[in-house]
Ligand SMILES: Cc1ncc(COP(=O)(O)O)c(C=O)c1O
């Protein structure tokens with residue numbers, strides 16, 4: 001398949017800013033054969049009025065990446081702060097003025113055969129113009145996969161370890177072949193874990209319920225943001241507990257969260273309508289407040305944002321109008 005990504009896009013590779021076409025690895029690279037890489041996914045949102053690009057919780061993403069790299073003993077020779085600066089610089093060098101997805105990847109780079117690892121590590125950071133990952137405005141149809149979520153004692157699901165994503169790919173491929181938009185995975189305890197690339201929340205009787213981080217799920221940064229926004233902005237009670245598959249069929253609302261998917265309402269699961277089969281009221285309010293926070297409209301959540309081009313035209317001062325938005 002022909003790549004639609006501009007080969008002249010500047011990426012960070014081998015500690016240099018180089019065009020994508022020059023960032024190449026050898027066919028014997030360890031990570032390519034054994035999945036011994038760890039990646040991240042970070043979003044930046046373009047705010048048209050402020051003419052600003054806001055990177056969402058960049059430093060936390062890099063801190064998670066470094067923790068996750070430690071599972072495979074991959075060393076990234078930079079602090080989270082330095083990686084954040086490199087990322088902002090990449091966006092400026094590429095003149096990105098649109099929504100962006102950032103893909104940091106650290107990997108075992110020795111070119112040889114043999115699964116045991118050594119200390120040869122490399123990393124790259126790629127920042128791409130990126131629109132919607134799932135077309136979820138009016139909700140998606142999710143299917144429960146027959147593949148089980150990987151166990152912590154096999155490969156930690158809480159980390160974005162490249163090899164672990166064969167599990168997500170199997171589940172995603174299975175349900176997409178069956179006509180669904182996204183997969184939901186069950187863990188080895190038989191309870192709901194998460195989506196193939198996202199965490200899962202359910203609303204029952206006004207409470208927001210999500211599996212806890214010990215249920216073989218990725219410790220999502222969007223999940224964490226939604227919990228904070230739901231508590232502080234919507235006054236919701238959050239419950240972290242195991243979810244049975246059968247609860248998916250009788251809950252009032254269901255939605256998925258992730259850096260790539262954002263907040264994706266699930267309106268049907270396994271061919272059954274969720275609630276009324278339309279986007280739920282709480283899901284819609286959370287989606288709205290998350291959008292406002294990620295675009296710099298809520299001063300209380302500016303703590304999550306890094307402006308790429310500098311605060312030359314703070315949003316709230318543009319044309320003398322306030323950008324602070326009420327979400328209640
Ligand atoms: C398996 C899985 N679960 C959950 C998430 C959501 O995590 P985050 O909100 O940090 O992007 C992702 C993100 O890629 C993922 O791959």
Legend entry - Single unsatisfied condition, residue 216 versus (1) buried (at least 21 other Cβ atoms within 10 Å of the Cβ); (2) at pLDDT below 95: (2)
Inset, instruction - Answer with yes or no whether residue 82 is without any contact (Cβ under 8 Å) to a residue 12 or more places away in the chain, closer than 23 Å to residue 162 by Cα and loosely packed, with under 15 Cβ neighbours inside 10 Å. - result: no
Inset, instruction - Quick one: which strands (runs of 3 or more DSSP E) lie wholly within the range 206-321 and hold at least 3 residues that are within 21 Å of residue 168 (Cα to Cα) and either within 16 Å of the chain's Cα centre (by Cα) or within 16 Å of the ligand (Cβ to nearest atom) (or both)? - result: 253-258, 262-269
Legend entry - Every residue from the range 173-189 that is out of contact with any strand residue (DSSP E or B) (no Cβ under 8 Å at 6 or more places or on another chain) and either part of a strand (DSSP E or B) or closer than 22 Å to residue 246 by Cβ (or both): 189
Inset, instruction - Kindly list, by first and then second residue, each pair from a residue in the range 290-302 that is on the phi > 0 side of the Ramachandran plot to a residue that is in a helix (DSSP H, G or I), limited to pairs with Cβ atoms under 9 Å and residues at least 6 apart or on different chains. - result: 296/302; 296/315; 296/316
Inset, instruction - Show the residue pairs that are 6+ apart or on different chains and have beta-carbon atoms under 9 Å apart, the first residue being within the range 197-216 and closer than 22 Å to residue 150 by Cα and in the same structural domain as residue 162 (by TED's automatic domain parsing), the second being part of a strand (DSSP E or B) and away from the ligand (no atom under 16 Å from the Cβ). - result: 201/209; 201/253; 202/209; 202/253; 209/203; 209/239; 210/239
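Every residue, every condition in (1) within 13 Å of the ligand (Cβ to nearest atom); (2) part of a helix (DSSP H, G or I); (3) surrounded by fewer than 17 Cβ atoms within 10 Å (Cβ to Cβ), yes or no:
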position	(1), (2), (3)
119	no, no, yes
127	no, no, no
134	yes, no, no
137	no, no, yes
146	no, no, yes
152	no, no, yes
165	yes, yes, no
171	yes, yes, no
Legend entry - Residue satisfying condition, being on the phi < 0 side of the Ramachandran plot, surrounded by 13 or more Cβ atoms within 10 Å (Cβ to Cβ), modelled with pLDDT of 95 or more and assigned to a strand (DSSP E or B), within set 18, 25: 18
Inset, instruction - Take residue 194 and decide whether it is assigned to a loop (DSSP other than H, G, I, E, B) and in the same structural domain as residue 223 (by TED's automatic domain parsing). - result: no
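The values are calculated or read from the model by the stated rules, or taken from the named source; none is laboratory data. The shown structure was predicted, so the numbers you read here are calculated from the model rather than taken from an experiment. Please note: Cβ atoms are built from the backbone with ideal geometry, for glycine as well, and neighbour counts cover all protein chains shown.
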